[in-house]
1. Summing Lys, Arg as +1 and Asp, Glu as -1, what charge do residues with Cβ under 10 Å from the Cβ of LEU207 carry, LEU207 excluded?
2. If you add up the charges near LEU66, with Lys and Arg at +1 and Asp and Glu at -1, over every other residue whose beta carbon is less than 11 angstrom from its beta carbon, what do you get?
3. Taking Cα centroids, how far is segment 150-180 from segment 261-321 in Å?
4. Sort 163-172, 333-342 by packing, meaning the average of other beta carbons within 10 Å per residue, with the highest value first.
5. Starting from the 7 Å offset along Cα-to-Cβ, what nm value, one decimal, do you get for the label separation of SER70 and LYS147?
6. Quick check on packing: order 279-289, 239-249, 293-303 by the mean number of other C-beta atoms within 10 Å, highest mean leading.
7. Each label point is 7 Å from the Cα along the Cα-to-Cβ direction; what then is the distance between the points at MET216 and GLU255, in nm?
8. Please compute the length gained on full extension between SER360 and SER157, using 0.36 nm multiplied by the number of residues separating them and subtracting their Cα-Cα distance.
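What follows draws every value from the coordinates through simple rules; no lab data is involved. These figures come from a predicted structure and were not determined experimentally. As a convention, Cβ positions derive from the backbone with ideal geometry for all residues, glycine included, and neighbour counts pool all protein chains shown.
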Amino acid sequence: MFSVYKYIQYANEIASQAQWRQSSRPWAGEAAAQVERMSQQYTTSNNITYVTQPKDQLLRAAMVALVRNSELDGMRATVRQVDDRFNRRFGYPYIFLNDEDFSEEFMKGMREITDAPIYFGKLPADHWGLSEYVNETKVHEMLAYNKGRYIYGGSYSYRLMCRYQSGFIHKHPLLANLDYYWRIEPGVTYFCDMPYDPFKYMKDNNLVYGFTITPMEKALTVETLWETTRKWMLENPQHLPEESFIKWAVNDKSEYTLCHFWSNFEIVDLSFYRSKAYESYFQHLDRAGGFFYERWGDAPVHSIAAAMLLRKEQLHWFEDVGYHHPGYTHCPNDSSMASRCVCSRSDSYMYRSVCNHRLSSLGNINKQQALELAGLPDKK
């Protein structure tokens, strides 16, 4: 993991660069005027260098949310925080997606809260709905069975959302020209100023998946997810990398640890989700039916895929991003990071997270070891 000094050093390095890559962003014309109005000076607060970038430095990236019309107030609050903490100095666009048409009230409310470019999109009909591989009668039987077993156990719409976030959001036409996305959600809290561009930080450090909280999944929601994943690994060794971080997600007994990256915050190089390996894995999961028969969430799906298909050094904990989503809170306890945050360090889940400890203590294993792990007899 990178120290706060590395962040400061990084901000200073990009501030001194003379040339910026020209980007063919579909929103370039709209963003240009906004970014030009921004100050391009660098200020220092609490010994942290805050970077404001010229328009030619912006990468093909955006903040993206799947959101309902009824969530206007929560989405406005999130965007105001992201702007205040980060985007007011950069002008990256926001993309809002909905399975229904956005109301005029929602679009007006979002346009009023930010000066950044905003795009509204409706989900393609074939991206949202019941998978063609499941039996509708069985789906409703399983919804009734799971209703009292865990949160959202009987929710059909929640399963549609998890399937969409797992296999389709990166395929939306509004994301077609993006290289990176930052997933945002209504009703969350960002506690800390971000004095650098996280998209550029990901790119310059060859990072693929960024996260901030690593909880454990509810076991009842993913009863067959790892068994289904094992089968995919053994049937598709050509898609596995020479090294991976799979042991973070799976222990020595070939059991899923339930560790996952909480995907309501994730910053991702979209080439990962667009890869043949990830698409093959998602299609395998979709055919198995677990998004509907169980309650496979996009968080464990993304996380197992990242651990299975990436190396540890391609993953990044944004420790300096103080963040709260109902259920968990992360507040940096490093004094240099905390100086630009408004949160209580005692509230932070990450420093006692079992999954975070696994993250720091384990390393990569090679492809053969990963296949051997997948091939161990099922202990259940």
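1. Values: positive: LYS203; negative: ASP204, ASP269, GLU313.
In short, -2.
2. -2
3. 11
4. Numbers: 163-172: 20.9, 333-342: 16.0.
Per-residue mean Cβ counts within 10 Å order the peptides as 163-172, 333-342.
5. 1.8
6. On the way: 279-289: 18.0, 239-249: 20.4, 293-303: 24.5.
Answer by packing, highest mean first, reads 293-303, 239-249, 279-289.
7. 1.0
8. Numbers: separation 203, 0.36 × 203 = 73.08 nm, distance 3.57 nm.
Here the answer is 69.5 nm.
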